[in-house]
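I have placed the structure first, in the form of structure tokens, so that the comments after it can refer back to it.
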Amino acid sequence: MENELIKKGRELREKAKEDLAKALDQLGLDSFYATYLSKKGSLRGLLGNMKDVAPEERGETGSAINSFFREINDAYETRKKRLEEEKRQKKLESETIDISLPGRKPQTGFINPYHLIIDEVTDIFISMGYEVVEGRDVETDLYNFELLNVPKDHPSRDMQDTFYLNADKLLRTQTSAAQAHTMRERSSDPKPIRMICPGKAYRRDDDDQTHSHQFAQIEGLVVDKDISIANLKATLELFAKKMFGEKREIRLRSSYFPFTEPSVEVDVSCFACGGKGCSTCKGTGWIEILGAGMVNPKVLRDCGYDPEVWTGFAFGVGVERVAMLRYGIDDIRRFYSDDLRFLSDFTGK
Ligand code: PHE
């Protein structure tokens, strides 16, 4: 015989089945549990109403209600497990690594064209038997100026407006400082020198298209017995041909540097027009590429090489200038702007 309580229990069971199907996450399950299965939940709560049931019906009613409760409780447990399993599965899927995907290429850097030029010039001089000397960016007044025959108050200091760190230390204004170091280091037992020194130099120039407060030079120094200006010319001509093409010629124009005597500017015949005159050479057919000269006897003596025994020549190449000519770069500031669009144009070929 079905009494009111059993009927109510059956209704609740049906309702619970519907609600359980709608519980899609932990939150839904929790509220389902509270509604139907907890101590205060309705299915379990029905047992509290047993006192209203006639004693002879209690056994049957109790076992009916209990079986509804167990049925729903089992369904709840099953669903809870399924949801947990689904959640775990989703997490695993989101964490899987597709090992068949191609790897990501790390972005590689580019070699600044100014280093390309330094490498190229260095190779040329190494092939002629030169050694590469490392200089210093921070110099003393002695090496940057005085030993190069530029005493204090010498007017040529005006051409190289200097970053002083203190009264005596400065950022070198020219790689020529390496000349003095090299000779001095070897002066106790003077031997022939054939060296180049690539490196940075600094001047308090206003930055514009052709001037930068920091730039690179390559210094060259040859000291030996019986070195003449013919050796200087032959060396720099070979350099110009290797650097700018077999057909290039050079010309020397007289100039002035305190540490060389005589001093020259070296021009190379224009590699863009072959010497006819164009915008690269400003119509002259010649392009100035470096300063040079025979080492001043005073410099030799001050650096510990007896000028009665030794002679030599020196030169200084402006790296950015060569790179700008070679690659048609319009603004020196591009070398220092770290712009990948600019740098990626130079692959070293
Ligand atoms: N040091 C000179 C300059 O910076 C260049 C130079 C080097 C000239 C060596 C002659 C010899 O202008």
Is it the case that some residue within region 98-113 is loosely packed, with under 12 Cβ neighbours inside 10 Å and part of a helix (DSSP H, G or I)? no
Which numbered condition Ser263 fails, given (1) more than 28 Å from His115 (Cβ to Cβ); (2) open to solvent by 20 Å² or more (accessible area, probe 1.4 Å): (2)
For region 67-81, what are the residues that are touching a helix residue (DSSP H, G or I) at 6+ places or on another chain (Cβ under 8 Å) and of a type outside the set (A, V, I, L, M, F, W, C)? Glu71, Asn73, Tyr76, Arg79, Lys80
Determine, yes or no, whether Phe125 is touching a Phe, Trp or Tyr at 6+ places or on another chain (Cβ under 8 Å) and either within 15 Å of the ligand (Cβ to nearest atom) or of a type in the set (A, V, I, L, M) (or both). yes
Restricting attention to region 217-235, does a residue exist that is under 35 Å from the mean Cα position of the chain (by Cα), on the phi < 0 side of the Ramachandran plot, open to solvent by 10 Å² or more (accessible area, probe 1.4 Å) and in contact (Cβ under 8 Å) with a residue 24 or more places away in the chain? yes
Out of (1) modelled with pLDDT of 90 or more; (2) outside any helix (DSSP H, G or I); (3) not hydroxyl-bearing (Ser, Thr, Tyr), what's the single condition that is false for Met183? (2)
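The values are calculated or read from the model by the stated rules, or taken from the named source; none is laboratory data. This is a predicted model, so every value here is computed, not measured. Note that we place each Cβ from the backbone using ideal geometry, even for glycine, and neighbour counts take in every protein chain shown. Each accessible area value is taken on the protein alone, full model and side chains, heavy atoms only, with ligands, DNA and RNA left out. Shrake-Rupley method; radii C 1.70, N 1.55, O 1.52, S 1.80 Å.
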